[in-house]
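Here's the structure, in structure tokens; my notes come after.
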């Protein structure tokens, strides 16, 4: 195999890697894991802040934990988790968000509707690597 | 005689601090760092027995910047100070003029001052995450998030296991703020 072909292969692989990470943050996986753990904290404020942080980080890796947080007993946590999922635009979250459309809390239902609209707006099952920033304010 | 209302006390202190800010030569012009003599006055006031003075100095504008590093130890000490004063004392926080009236503490004001000083505060703030005072740990976690320095990620992940819930919440916030 000629050297030029090897170089080309490396360049193609590298660019594929770079492109697949376009829009993603350079956040250590340990941060995402630790924050996903914090979604199960005994304190609601900790869970709420963790959901907010995961929404900033936008890692696909955190979607399962955020979907689980949609069943949180605290409505503020549910709302923040929906906001985060909407920012990540994971098609995986559609079922969970559809269920949240029947939440007892108006704010939660509204957030779920907005998050779903964002996911559908990004083109069906293909998650948009460059989502528009969500105008939701920081919780604190 | 009725006692002086706290907000009046706050306004008086703010006026006093404005006068003080003008007295510090050329700092507002950003051309000249405060001299060692000025800074020692500031540090002395950070130790005042009056919380209004402590907050007022810590959030005085144009006093804390990269050249105010000698004030770091006094500000770090102040991080555990949770004595609340009227928000008007802190003139920097314009949002509170229209928003909810929340008291401010010397610890919070010190955290902001440390962020204004910048990366020179970093090491001391990380050390404060192990302080025996939960208030200090929480204010340090906030400051590390506001400093937006990637090196804080590992210590903040450790703080997600802090014994105090308010510290854990602030650490989670800080991790999101840094990742932003």
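Any read-out appearing in this document is the output of simple, stated calculations on the displayed coordinates, not a laboratory observation. Every value quoted in this text rests on a predicted model; they were computed, and no experiment measured them. Note: ideal-geometry Cβ built from the backbone for every residue, glycine included; neighbour counts use all protein chains shown.
Some notes on this structure:
- Over the range B:103-157: Kirkwood hydrodynamic radius from C-alpha pairwise inverse distances, Å: 11.0 Å
- Computed over the range A:51-91, relative contact order equals 53 percent, with contacts defined as Cα pairs under 8 Å that lie 6+ residues apart.
- Taking A:41, B:38 and counting other C-beta atoms within 10 Å, the order from fewest to most: B:38, A:41
- At 1.567 mPa s and 4 °C, Stokes diffusion of the range B:52-180 via Kirkwood alpha-carbon radius, µm² per second: 89 µm²/s
- Which of B:88, B:108 has the fewest Cβ neighbours within 10 Å, and the rest in rising order: B:88, B:108
- Mean-position separation - Cα centroids, the range B:149-180 and the range A:89-105, in angstrom: 28 Å
- Between residue A:120 and residue B:165, the FRET efficiency from the beta-carbon distance, with R0 = 30 Å, is close to 0.25.
- A Förster radius of 56 Å combined with the Cβ-Cβ distance from residue A:37 to residue B:41 puts the calculated FRET efficiency at roughly 0.75.
- For the pair residue A:104 and residue B:158, label points projected 7 Å from Cα toward Cβ lie 4.1 nm apart.
- Order of A:102, B:161, A:92, A:79 - criterion: other Cβ atoms within 10 Å of each residue's Cβ, fewest first: A:102, B:161, A:92, A:79
- Over the range A:70-110: Kirkwood hydrodynamic radius from C-alpha pairwise inverse distances, Å: 10.1 Å
- Each label was represented as a point 7 Å from its Cα along the Cα-to-Cβ direction; for residue A:61 and residue B:151 these points are 2.3 nm apart.
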